[in-house]
Amino acid sequence: MLETITFSLLNGLLYGMLLFMLSSGLTLIFGMMGVLNFAHASFYMLGAYFAYTMGLYTGFWVALFLAPVIVGLLGAVVERYGLRQVHQHGHVPELLFTFGLAYVIEELVRLFWGNVPMNYRVPEALDFPLFSLFGTNYPAFRVFVLVVAIAMFVGLYLLLKRTRAGLIIQASLSRPDMVSALGHNVPQVFMWVFAFGTGLAALGGVVGGIQLVTEPGMAFMMGPIVFVVVVVGGLGSIQGALIASILIGVLQTFALSVDWSLANVGILFGYAVPPDSIFATLWYMDSTRIAPILPYLLLVLMLIFRPRGLMGKRES
């Protein structure tokens, strides 16, 4: 039992930090710009594919740096020549634009790389067991992912809370007229914020593509749960995104690791539901089948009881 709990916590933390790496960029973009980017997970996918392709020629470490930079520059182009043009028409055109962009990126990925999953593997320098627990080796690459995610959180927090650039970014959302009067180019600030957010998504793709899978459907596989993380954590809150990511990661991992159902709880109290009852299917359903819907159930409960999220600010 102790072994199951320990590995569930480790794997849940790992999955949660991967979710944070993907959701932090979306949180930044929405918090600073008010843009809910439906194509965000597509930039995560581009990061994985670009890193895989460049890694064939440059190696993993160069690709780890270059892929997010290239995707970030691509994000800057998208904001400057696409998103900025529809921004003046309101949020609905923005949503439609990013929604369509997600499909365009997916089809381009299928066109250039095909439909088969890429053979994107752990780099040799990290392909070894870092420590052993209960007789099972724990890979060094998983610890590397945790370190990168923690460094990302610390860097984002310091950037937004402790630097002049962070103050300008936050002020550009609430008082763009005042920021512009002080001599700052607000549209350019938004462009680089969008580029930075997409670059963070790509960084998540560089390591997430190895840990999970690199294939054309990876964006639509991760996209919905990222929005759950952002809403549960609180729109625009980096700290909230971190807490929500870990919460969802651990919750799903435990549900998949522990063979549990309502019937098991009922047995402890001497209660059982007849097999022919209308509620029998739900009563005897094991946790592994419920695990995929748990984040969305958490989302519904959060919207009912705390709509602003865990760390979201109350609107005045």
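Pick out, from GLY34, PHE305, LEU96, the residue whose Cα sits farthest towards the positive end of the charge dipole of the chain, with +1 on the Cβ of Lys and Arg and -1 on the Cβ of Asp and Glu.
My answer, from the dipole projection, is GLY34.
Can you give me the angle between helix 60-78 and the longest principal axis of the chain, using Cα atoms only, in degrees from 0 to 90, rounded to the nearest 10?
Value to nearest ten degrees: 60.
Please give the length that would be gained between TRP61 and ARG80 if that part of the chain were fully extended, namely 0.36 nm times their separation in residues minus their C-alpha to C-alpha distance (nm, one decimal).
Working: separation 19, 0.36 × 19 = 6.84 nm, distance 2.96 nm.
Extending this stretch completely gives an extra 3.9 nm.
Using each residue's phi in the stretch 191-197, evaluate 6.51 cos²θ - 1.76 cosθ + 1.60 at θ = phi - 60° and report the 3J(HN,Hα) Karplus result to the nearest Hz, with x for Gly and Pro.
Rounded to whole hertz, the list is 4, 6, 5, 4, 4, 5, x.
Helix 140-162 versus the longest principal axis of the chain: what is the Cα-based angle in degrees, 0 to 90, to the nearest 10?
50
Ratio of the stretch 1-97's C-alpha Rg to 2.2 N^0.38 Å, to two decimals? Could you put the intermediate results ahead of the total?
Working: Rg = 17.3 Å, N = 97, 2.2 N^0.38 = 12.5 Å.
Against the empirical 2.2 N^0.38 Å value, I get 1.38 for the stretch 1-97.
Can you list the residues, at least 5 places off or on another chain, whose amide H is less than 5 Å from the amide H of LEU130, using H built in the peptide plane?
TYR138, ALA140
Going by C-beta contacts inside 10 Å, put PHE194, PHE134 in order with the fewest on the left. Walk me through the numbers before you get to the answer.
On the way: PHE194 25, PHE134 10.
Going from least to most buried by this count: PHE134, PHE194.
Determine the gain in length on full extension of the stretch HIS89-PHE128; use 0.36 nm per residue of separation and subtract their C-alpha separation, reporting nm with one decimal. Write out the running numbers ahead of the final one.
On the way: separation 39, 0.36 × 39 = 14.04 nm, distance 5.24 nm.
That pair, HIS89 and PHE128, stretches by 8.8 nm at full extension.
Nearest 10 degrees, 0 to 90: what angle lies between the long axis of helix 294-305 and the longest principal axis of the chain (Cα atoms)?
That works out to roughly 70 degrees.
Each label point is 7 Å from the Cα along the Cα-to-Cβ direction; what then is the distance between the points at TYR103 and MET285, in nm?
That separation, rounded to one decimal, is 3.0 nm.
Taking 0.36 nm per intervening residue step and subtracting the Cα-Cα distance, what contour gain separates VAL258 from LEU146 on full extension? Write down the numbers at each step before the final one.
Working: separation 112, 0.36 × 112 = 40.32 nm, distance 2.34 nm.
Stretched out fully, the VAL258 to LEU146 stretch lengthens by 38.0 nm.
Per 20 Å bin, what is the whole-percent P(r) computed from every C-alpha pair distance within the chain?
30, 54, 15, 1
Taking the Cα centre of the stretch 2-305 as the origin and placing charges on Cβ (Lys, Arg +1; Asp, Glu -1), which of ALA76, ALA291, GLN188 is farthest toward the positive end of the dipole?
It is GLN188.
Values in this text are rule-based calculations from the coordinates and carry no lab data. Since we're looking at a predicted model, the values are computed, not measured. Quick reminder, even Gly has a Cβ in these numbers, built from the backbone with ideal geometry, and neighbours come from all protein chains shown.
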